[in-house]
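Here the structure is laid out as structure tokens; the discussion comes afterwards.
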Amino acid sequence: MEHRVLGDVGSQSPKKVEEYEYENVVGLVDDPEVTRFVLVEGSMVAVTENGVYGVDRTDGNESWRYQVFDAEVAVAFDSSLENVVISYRPISDSSHEVTEVTLNVETGEIEASVVFPFVQDFDVLNDTRMSGARVFVEEYPVEVVAQKRGDESTEPEERWRMGMGELCNDRDLDEDDVSVTSGGAGVYISLACEGENVAHVVSVESSGSIDFIETFPLNESGIPVEVFDYSEGRLYEGESNDPVHRAIRGDFSSDYAFIDARWGEVLTPEVWGIHGMEEALGSAPVVDEGEAYSVVIGNWSSIEIQSAVKVADFLIDQGVVDFSDFPEKLLIEDEGGGYRPPLNSREFSGDASYFDILDFLENSLTREN
């Protein structure tokens, strides 16, 4: 294990970001193992297979690091956005104990370190951001459990426990029928109920209360719907981890849906209502009773705006619409002195800008048709 805090990296071969912008990190020169960059408030964190390191956004230099070798490593960002949590289990360890280290995102300093027993799927620790809690799936019977983070007692304190059998009409489930992902301050539970031929997406608040349940026909593979949380806010993980970007670019084929996180309602962004859009872009997301393999859940206004931005960017890139017709007032000056359309909704604000993009797309596709 290697740990260096802010100001202690020194000459120990620090990493350096070769080229990056606030919203779109290009990459590290000497570290192809980076899986994603995360912007948390004013801090940038690079996530690798072995842990994390901080990046100074003023010059791109590594500022702190925490790396663990010869171990399974999971990285999660607490919803408070003040900490990054590293969980690891040595590959050679047969005791199934997991070490959990909570780091300050600005300095890399350890704020808590505990060891707890964990015998279930390790990967679920990668994606739970519930503040002050770790969430995982237990078997026999299958239950989703939230434990108090930082509790190193033999029996860690539970915040809540939810049985999955009742949601599937008490059918015997196994762990593969359930997946858990972060959702705002709580989590989303995705559940495949083969006996009833349905799939549920369950929004659970941090208290353990169910916010909403959205039900789809079970997909042909009989697996849980993959859930992507679109939290357009202080935590930003780049385009490759932006589910709206991925949906527009075809990563989810056409068997996906958008859900309004406030009401749990399946909706279609307004941009798909433009005449000629489905022909230009492909099938619209599934609605109502459609089968889904993936869902994107988030604040609906943010999803609407991001969808319009990403559709415009994609169709310009594909040559379907003409960049020269894009509203000049919305163009962004790049480092070379040229101009480009906004790459995400953070680069402009206001409903007027959103409707300007819709008008641009509608006028362009009308001419094409």
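Assorted remarks:
- Over the range 248-337: Kirkwood hydrodynamic radius from C-alpha pairwise inverse distances, Å: 14.4 Å
- Projected label points at L267 and S324, each 7 Å from Cα along the beta carbon direction, are separated by 3.7 nanometres.
- Sequence-distant residues sharing a close amide H with N299 (under 5 Å, placed H): E232, A261
- Rel. contact order, % - alpha carbon contacts under 8 angstrom, at least six apart, the range 259-330: 36 percent
- Amide H contacts for F258 (H built 1.01 Å from N in the peptide plane; partners 5 or more residues away or on another chain; cut-off under 5 Å): L267, V296.
- Residue-wise HN-Hα coupling along the range 103-114, computed from phi with Karplus coefficients 6.51, -1.76, 1.60 (Hz; x: Gly, Pro): 10, 6, 5, 8, 10, x, 6, 6, 9, 6, 8, 9
- Between E279 and Y339, the modelled labels are 3.0 nm apart [label points 7 Å from Cα along Cα→Cβ].
FYI, it's all coordinate maths here, none of it is from the lab. Please read these numbers as outputs of a predicted model, since none were measured by experiment. Every residue, glycine among them, receives a Cβ derived from its backbone with ideal geometry; neighbour counts consider all protein chains shown.
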